[in-house]
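A.B. asks: Can you keep this structure in mind? I'll have questions shortly.
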Amino acid sequence: MAERAAAATADLLASLRATAGPGVLLENATAAEAMQVDQLRRFTGRALAVALPRSVDEVARLLSWCHAQRVGVVPQGGNTGYCGGATPDASGTQLLLGLARLDRVRELDAANYALTVEAGCTLARVQQAAAEAGRCFPLELGSAGSCQIGGNLATNAGGLNVLRFGMARELTLGIEAVLPDGRVLQRLRSLRKDNSGYDLRDLLIGSEGTLAVITAATLRLWPPLRAAATALVALTDVAAAVALLERLRAAAGERLNSFELLPRSALELAWRHLEVQADPFAARAPWYVLCELRSFAPEPLDELLAATLTAAGTDGLVRETVLCASERQRAALWRLRERIPEAQRHAGPSLKHDIAVPVARLPDFVATASAWVARAVPAATLVAYGHAGDGNLHFNLSFTGGTPAAEVAALAEDVRRAIHDLAIAHGGSFSAEHGIGQSKVGELRRYGSAVELDLMRALKRGFDPHGIMNPGKVLAEP
């Protein structure tokens, strides 16, 4: 039986090679193996083969073959996700489809503030192409140099500028995608208004490769941001942060670009384990906010930010403020913020959660969830940080380096259930910006309503009747 299975696999691979053509399948075993492990090294798979197509036609040919052969397809961008959404299973029967070679900038329409790029372009390259044309693409992620725009759209990426510019879905005008049977959906339009039927673009964004393979997109651009004012603010509690957010919104309007909440525990991890800017404050505080105003026109944003923070300090909201006096200082503060996940890895094992609640309910959620952690997991250090301007927190528990990984893993399910239940009870979500992948399939089944899940399954069957697109991700079954 084993011999027959091996012969069948060999025949399947021969057929795949003939269909793919020269140079499409990755023959370097080391490189292929690296692509079959996820970013956090929690999931490891074994693919039938790894394909790196160079054109939309090659993607279409591969998907048509997979559709006919009933072979599962796992699309992969920069492999920077946190939920295992781009990792094949261990069966050795799925095709891992890497998009890195589809990396052309197809068109830059500066007059229409639009940029069309292929899915394999890194976010940094997209940002650079926009900047070279005197424009700005505002999606900002710590992994900009390695994540790819196709993956950003497939997961509806968020990041540091969601408060002002929205998620990846809001930054996209048009899309090109290959359907499971090899047909190409071509909607690379730069229109701001288009009510011609169902919005297939928005449906594919955030679908994590379970409906189709995104191969290109037309992105929305803005004028360059010419002025900035940045401050790190020390606060007593999360309620003060929410009140400060409202003050900044009232004073600065849409110029409020970013508002990041940071606990003392997160900063201390970075100061202890990384070479980053030292503590700039005279006294310790339990909470901090890294806030930034940006403007399309040159204007004195420093004065506006300073005046707003001074008034907040007079009223007792703010304990201490560090206003950035140079671009170098600003970059150092943002580097401190972006490297918190790295500092956590240096510190030891951790349990991570990507939750969101309405902004007004952040103080109550943090107080309730923090009390649960202190009571139920006293050995953990709570590191709850993130994009407070839009209600998204990375609610993480860190353990010292000497804590056995098995001990931490044994706590994972109880901790996850408690944190996610509390997020839902506060009108929130268990997945704010990292998606579902394979790690949260059970959570979607638990918290999704029957109507939502029925509609999702119907959409999945309509796009992918044979269930070949990223099997086991988002929905465990069609």
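A.B. asks: State to the nearest 20 debye the size of the charge dipole of the chain about its Cα centre, where the only charges are +1 on K and R beta carbons and -1 on D and E beta carbons.
C.D. replies: Dipole magnitude for the chain comes out near 340 debye.
A.B. asks: Give me P(r) over the stretch 348-425, computed from all C-alpha to C-alpha distances, binned every 10 Å, as integer percentages.
C.D. replies: Result, from short to long distances: 19, 55, 23, 4 percent.
A.B. asks: May I pose another question? Can you give me the Cα centroid spacing of the stretch 127-188 and the stretch 233-300 in angstrom?
C.D. replies: So the two Cα centres are separated by 26 Å.
A.B. asks: Hey, another quick one. Treating cross-link reach as a plain straight distance, find the lysines whose alpha-carbon is under 22 Å from the alpha-carbon of K440, omitting any fewer than eight places away in the same chain.
C.D. replies: K352, K460, K473
A.B. asks: Out of (i) 23.3, 79; (ii) 21.3, 64; (iii) 26.6, 83, which label holds the value of Rg and Dmax of the Cα atoms in Å that was computed here?
C.D. replies: The listed entry that was calculated here is (i).
A.B. asks: Quick one: if the Förster radius is 22 Å, what FRET efficiency do A458 and N195 give, using the C-beta to C-beta distance and rounding to 0.05?
C.D. replies: With R0 = 22 Å, the Cβ-Cβ based efficiency is 0.45.
A.B. asks: Compactness ratio of the stretch 2-98: Cα Rg over 2.2 N^0.38 Å, N = residue count?
C.D. replies: Computed over Cα atoms of the stretch 2-98, the ratio equals 1.05.
A.B. asks: Cα extents of the stretch 281-357 along the three principal axes, largest first, in whole Å?
C.D. replies: Answer, in whole Å and largest first: 43, 31, 30 Å.
A.B. asks: With point charges of +1 on the Cβ of Lys and Arg and -1 on the Cβ of Asp and Glu, referenced to the Cα centre of the chain, which listed residue (H67, A31, L244) lies farthest in the positive direction of the dipole?
C.D. replies: H67
A.B. asks: Additional query: If one computes the Cα centroid of the stretch 401-463 and of the stretch 360-375, what distance in Å separates the two points?
C.D. replies: Each part reduced to its Cα centre gives a spacing of 19 Å.
A.B. asks: Additional query: Measuring from label point to label point, each 7 Å out along Cα→Cβ, what is the Q128 to D237 span in nm?
C.D. replies: About 4.8 nm separates the two model spin labels.
A.B. asks: I've got another one for you. May I ask you to order 57-68, 269-280, 428-439 by the average number of other C-beta atoms within 10 Å around their residues, highest value first?
C.D. replies: In descending order of packing, they fall as 428-439, 57-68, 269-280.
A.B. asks: About the Cα centre of the stretch 348-425, what is the dipole size in debye to 20, counting +1 per Lys and Arg Cβ and -1 per Asp and Glu Cβ, all else neutral?
C.D. replies: Dipole size: approximately 80 debye.
A.B. asks: Would you work out the Kirkwood radius for the stretch 105-220? I mean one over the mean of 1/r across all pairs of different Cα atoms, in Å.
C.D. replies: 14.0 Å
A.B. asks: Rank these for me by crowding, C147, C136, going from fewest to most other beta carbons within 10 Å.
C.D. replies: C136, C147
A.B. asks: So, one more: Sorted by mean Cβ packing within 10 Å, highest first, what order do the peptides 73-82, 294-303 take?
C.D. replies: Top to bottom by mean Cβ count within 10 Å: 73-82, 294-303.
A.B. asks: Right, next: Highest first, please rank the peptides 210-216, 87-93 by the mean number of other Cβ atoms sitting within 10 Å of their residues.
C.D. replies: So the order, starting with the most tightly packed, is 210-216, 87-93.
A.B. asks: Still on this structure: Among the helices of the chain (complete DSSP H runs), which have Cα atoms covering no less than 18 Å along the helix axis and a Kyte-Doolittle mean of at least -0.5?
C.D. replies: What comes out of the filter, once short or polar helices are dropped, is 2-20, 56-69, 238-252, 301-314, 362-376, 405-425, 450-463.
A.B. asks: What length, rounded to one decimal in nm, is gained on full extension from A374 through to R46, with 0.36 nm per residue of separation minus their alpha-carbon distance?
C.D. replies: Here the answer is 114.1 nm.
A.B. asks: Of all beta bridges DSSP finds with both residues in the stretch 2-98, what is the antiparallel percent, to the nearest 5?
C.D. replies: Here the antiparallel bridges make up roughly 20 percent for the stretch 2-98.
Rule-based calculations on the coordinates, nothing more; no lab input. Here the structure is a predicted model, which means the values were calculated and not measured. Here the Cβ is made from the backbone with ideal geometry for all residues, glycine too, and neighbour counts use every protein chain on show.
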